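Written out below as structure tokens is the structure these notes cover.
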Amino acid sequence: MANDQLISAGTFTILGPGGHLTHMGKEEDIVVLPPDGNAQQLWEVKPESGTYTLRNVATGYYLGSEGDPNQPTMMIRGSKQPYPWRTAQGPDGDPDTYLLAPGASNDGLVLTYSLLRIFPPRVAILPSSEYRDPEWCFRAV
């Protein structure tokens, strides 16, 4: 993953396959739901020295995990502390979609869908796989 600044600062919806990232509240997981215009689907993006932080507008929690950034996390609940992400262009070559990886990890982890089969779909930080690495689209609000 390259440390290029591909996204400007601002407020975005983050669209992945199947819907938008949504933070369901202080004690709930980050899930993917269809667009609904709710502030829980809005993310403040801040570029910082080759990485980004993504903070949910409604809850103030950051996209990320409180755990070790080198360890997989099956479900992300959000972090009270800033959590850095690196971006890279995805394998499909679309200039408007990106892979996201924990900025503090060098273990090939990416933001992807959880392997847990529950609804609504959760997101996870897991080892990169050509079969499940979703690309994320940042749409300015």
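The values are calculated or read from the model by the stated rules, or taken from the named source; none is laboratory data. Just so you know, these numbers come straight off a predicted model, no measurement behind them. All Cβ positions, glycine included, derive from the backbone under ideal geometry; neighbour counts span all protein chains shown. Heavy atoms of the whole protein, side chains included, go into the accessibility calculation; ligands, DNA and RNA do not. Shrake-Rupley method; radii C 1.70, N 1.55, O 1.52, S 1.80 Å.
Couple of notes before you dig in:
- For ARG117, the conditions (1) among the charged types (D, E, K, R); (2) in a loop (DSSP other than H, G, I, E, B); (3) touching a residue at least 24 places away in the same chain (Cβ under 8 Å) are fulfilled apart from (3).
- Residues in region 114-133 that are buried (at least 19 other Cβ atoms within 10 Å of the Cβ) and of a type outside the set (A, V, I, L, M): SER114, ARG122.
- Scanning region 73-82 for residues that are closer than 15 Å to TYR52 by Cβ and either out of contact with any Gly (no Cβ under 6 Å at 6 or more places or on another chain) or at pLDDT 95 or above (or both) yields GLN81, PRO82.
- First in region 52-72 and more than 23 Å from GLN40 (Cβ to Cβ) and at pLDDT below 95, second anywhere and open to solvent by 40 Å² or more (accessible area, probe 1.4 Å) and in a loop (DSSP other than H, G, I, E, B), Cβ under 7 Å, 6 or more apart: PRO69/ALA104; ASN70/ASP107
- Looking only at region 96-120, residues that are modelled with pLDDT of 90 or more and under 21 Å from ASP29 (Cα atoms) come to 13 in all.
- Of all residues making up region 25-52, the number that are open to solvent by less than 40 Å² (accessible area, probe 1.4 Å), in a loop (DSSP other than H, G, I, E, B) and within 22 Å of VAL110 (Cβ to Cβ): 2
- When residues in region 53-76 are screened for being at positive phi and surrounded by 20 or more Cβ atoms within 10 Å (Cβ to Cβ), 1 of them pass.
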